[in-house]
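Structure first, then comments.
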Amino acid sequence: MAARTVLMLLFLLCTIMQRGQGQLSETFYSTSCPKVESIVRQVVAQKIAQTFVTIPATLRLFFHDCFVEGCDASVIIASPNGNAEKDAPDNLSLAGDGFDTVIKAKAAVEQSCPRVVSCADILTIAARDVVALAGGPSFKVELGRRDGLISMASRVAGNLPEPNFNLAQLNAIFAKNNLNQTDMIALSGAHTLGFAHCTRFANRLYSFSPSSPVDPKLNSTYAQQLMQACPQNVDPQIAINMDPVTPRTFDNSYFKNLVNKMGLFTSDEMLFTNKASQATVVDFANNPGNFNGAFIAAMRKLGRVGVKTGTAGQIRVDCTAFNS
């Protein structure tokens with residue numbers, strides 16, 4: 001009986017230790033690479049000085065990475081066969097500056113701490129930094145992720161929200177990643193930065209319904225501005241700011257825009273028109289502090305999605321390729 005008790009205690013102890021090794025921590029690199037966050041921030045700041053696109057591109061890259069295979073930098077893998085995660089149709093619009101930011105930050109970190117910090121953690125730090133450097137809140141990030149070993153274009157479809165999703169569809173796809181409706185609305189606030197190709201919302205301007213080519217939920221003045229920027233049959237490469245008011249600042253303008261019927265996608269405007277989500281949108285529009293707090297909480301939760309820790313995955317030397 002005593003022997004059995006000892007064995008059970010040893011089993012529980014081992015389980016607890018394994019869980020402890022697998023947990024993310026804000027101080028994960030405090031001894032192994034104590035300057036990692038300052039190194040990444042310096043690279044991010046340099047990239048932003050070169051091009052503002054760095055900010056929305058890096059933030060979007062983090063989101064797309066975490067929603068497919070978890071936050072494991074699988075979206076950064078490059079395949080000579082064009083069948084990696086980044087090659088999926090939903091990822092072809094990811095701007096190169098996001099990838100470049102992580103690759104350059106990884107190279108700088110490798111000089112100080114070779115083979116210690118994962119590309120997944122570097123992307124997480126960089127996503128936090130671009131928000132802060134755009135005027136948004138700064139916050140502590142949990143670290144300790146390892147890089148994934150799977151990157152397949154075929155596994156992307158159905159795992160990312162689409163611009164025409166309704167509230168139920170958005171809630172369902174976020175719930176798959178342990179994110180609730182408030183998290184979803186807060187993360188949607190990232191649309192205060194960045195760009196969207198005209199083809200992603202052209203149906204709201206020219207072919208919304210047989211009775212109304214223009215979506216009646218769109219502010220009429222805003223609709224006219226969009227049609228001037230995105231005429232019919234426009235070059236599919238043309239993109240416009242998602243936030244027409246403060247496109248280079250991370251703030252709560254996105255929610256103010258929704259209240260004023262200036263949400264670019266139907267999935268944006270629906271957050272205000274649907275009574276089940278309207279109160280949160282109005283709160284975030286009126287109280288920037290509430291939005292910032294919810295965004296921080298949601299980003300930290302997003303950063304835990306599908307993470308590989310402990311002995312899972314690997315620490316890539318080159319973010320674009322699995323270790324040989």
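The values are calculated or read from the model by the stated rules, or taken from the named source; none is laboratory data. Values in this document were obtained by computation on a predicted structure and should not be read as measured data. Note that each Cβ is placed from the backbone with ideal geometry, even for glycine, and that neighbours are counted across all protein chains shown. Surface areas here come from the heavy atoms of the whole protein model, side chains and all, with no ligands, DNA or RNA. Shrake-Rupley method; radii C 1.70, N 1.55, O 1.52, S 1.80 Å.
A few remarks follow.
- Residue satisfying all of: in region 221-234; assigned to a loop (DSSP other than H, G, I, E, B) and without any contact (Cβ under 8 Å) to a residue 24 or more places away in the chain; surrounded by the fewest Cβ atoms within 10 Å (Cβ to Cβ) among these: N233
- Identity of the residue in region 62-105, among the polar types (S, T, N, Q) and assigned to a helix (DSSP H, G or I), that ends up farthest from G194 (Cα to Cα): S74
- Filtered residues of region 290-323 (kept if aliphatic (A, V, I, L, M) and surrounded by fewer than 21 Cβ atoms within 10 Å (Cβ to Cβ)): A294, I296, A297, V305, A312, I315, V317, A321
- Taking the numbered list (1) loosely packed, with under 15 Cβ neighbours inside 10 Å; (2) under 28 Å from E85 (Cα atoms); (3) hydrophobic (A, V, I, L, M, F, W, C) in turn, L170 passes all entries but (1).
- Failed item, numbered, when R128 is tested on (1) within 15 Å of the chain's Cα centre (by Cα); (2) surrounded by fewer than 20 Cβ atoms within 10 Å (Cβ to Cβ); (3) part of a helix (DSSP H, G or I): (2)
- In the set (1) open to solvent by 40 Å² or more (accessible area, probe 1.4 Å); (2) without any contact (Cβ under 8 Å) to a residue 24 or more places away in the chain; (3) not in a helix (DSSP H, G or I), the condition left unmet by A157 is number (2).
- Every condition in (1) buried (at least 24 other Cβ atoms within 10 Å of the Cβ); (2) under 18 Å from T320 (Cα atoms) holds for P56 except the one numbered (2).
- Residues being touching a residue at least 24 places away in the same chain (Cβ under 8 Å), surrounded by fewer than 16 Cβ atoms within 10 Å (Cβ to Cβ) and part of a loop (DSSP other than H, G, I, E, B) - total across region 177-216: 1
- Residue count for region 241-289, restricted to those that are open to solvent by 60 Å² or more (accessible area, probe 1.4 Å) and more than 24 Å from L205 (Cβ to Cβ): 7
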